[in-house]
Every structure is written in C-alpha cells, then in structure tokens.
1. Suppose we keep only residues that are touching a helix residue (DSSP H, G or I) at 6+ places or on another chain (Cβ under 6 Å) and in a loop (DSSP other than H, G, I, E, B) within the range 2-38. Which one would you say is surrounded by the fewest Cβ atoms within 10 Å (Cβ to Cβ)?
2. Restricting the search to the range 58-94, which residues are surrounded by 19 or more Cβ atoms within 10 Å (Cβ to Cβ), over 18 Å from residue 28 (Cα atoms) and under 21 Å from the mean Cα position of the chain (by Cα)?
3. Filter the range 39-49 down to residues that are over 15 Å from residue 76 (Cα atoms) and outside any helix (DSSP H, G or I), then give me how many there are.
4. Take residue 115 and tell me if it is modelled with pLDDT under 95, touching a helix residue (DSSP H, G or I) at 6+ places or on another chain (Cβ under 6 Å) and buried (at least 18 other Cβ atoms within 10 Å of the Cβ).
C-alpha cells in the first residue's frame, strides 16, 4: 500500500504477547520538525504522501483517528527536500467508519490533534482524519514539544533594584524609595 508503513511480520507465539514487526524508517515528523523547520517544498511532499495513504484507508472504509506528527514516518536524504520517503504509520487506531466506536463518538487519539467531533464525543467519520491532518500541516506554529518546553527565564540580576525595574517592570508601577514617602503613604 502506498505511503502506509508496512507490517513485515506478525508474531503470534506466545499467545499472551502478540507482536507485529513494522518496516523501519529513519524517524518521524515530530522529531524532524523540532530539529529543523519544515520547508514549503518538504511540506508539499509530506502532504501528498499522507493524503495518498489516507485515500487508501478511506477507500477501504476505515478512519485512522490518529494522524499526528509522530505517526508520520520518514526516511531522510541530502538535498533541498530532506525526505526521501514518507509513510503513515501506527495503524492500530484505525476503525471501520460504520463501527460502534465511530457511531458512538468514542474518544480516540490525543486531543491536541483531534477533531471537534472526537473531543465532543459525537459520531465521527473520515472528516476526523482530515481535521487531524490539517493540524499537522500547520507547521508554522509551535510543535507540541515546543509547547511543553518551559520558557527560558533569565536569572534576576544581583546589581540592584534599578536594573530589575528597567528589565522587568513598567516604570509607572515602581516607586522610587530614595525620594522619600509619597504624600498618600
């Protein structure tokens, strides 16, 4: 199947721990976008690959429900477009469109990528995948990793209140105590 991460082996013994072996790729889009901004031409290539993969699933009447940056896998190359291959993976969260899970609006996947239907627990369909993919393509906004990384905070200077006033506070909110008490103090 084009642009879908292939299952290479299905290990069923021992029965308590069934395992699948998936094709290996160099990494996923979340890590790639944190390391380096995804360029327009790269985004076009990613978009075409993911939409072709979703078309295969949707033609087979499945909803993936988990189109996220860490479920889009890639192989890398040198050049203007650093991606040589893009595949949609982790198909374990796919459901038939007519399943009770979809019809009942059962919550699935991470809320940050989910469609309003999934978040509000109303019936969902292939539009859920399109919504999720739309959130992925907004790569000009901070990635989830950037959103959860605490901001860098400069330590307070030790050289005195005047420096702190100039750095952090609105001057109209700072009282200069060297002038003595104000009339209303």
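The values are calculated or read from the model by the stated rules, or taken from the named source; none is laboratory data. Computed from a predicted structure; not experimentally measured. Neighbour counts are summed over all protein chains in view; Cβ atoms, including those assigned to glycine, are modelled from backbone coordinates with ideal geometry.
1. 2
2. Of everything in the range 58-94, just one residue is surrounded by 19 or more Cβ atoms within 10 Å (Cβ to Cβ), over 18 Å from residue 28 (Cα atoms) and under 21 Å from the mean Cα position of the chain (by Cα), namely 63.
3. 0
4. Working: modelled with pLDDT under 95: yes; touching a helix residue (DSSP H, G or I) at 6+ places or on another chain (Cβ under 6 Å): yes; buried (at least 18 other Cβ atoms within 10 Å of the Cβ): yes.
In short, yes.
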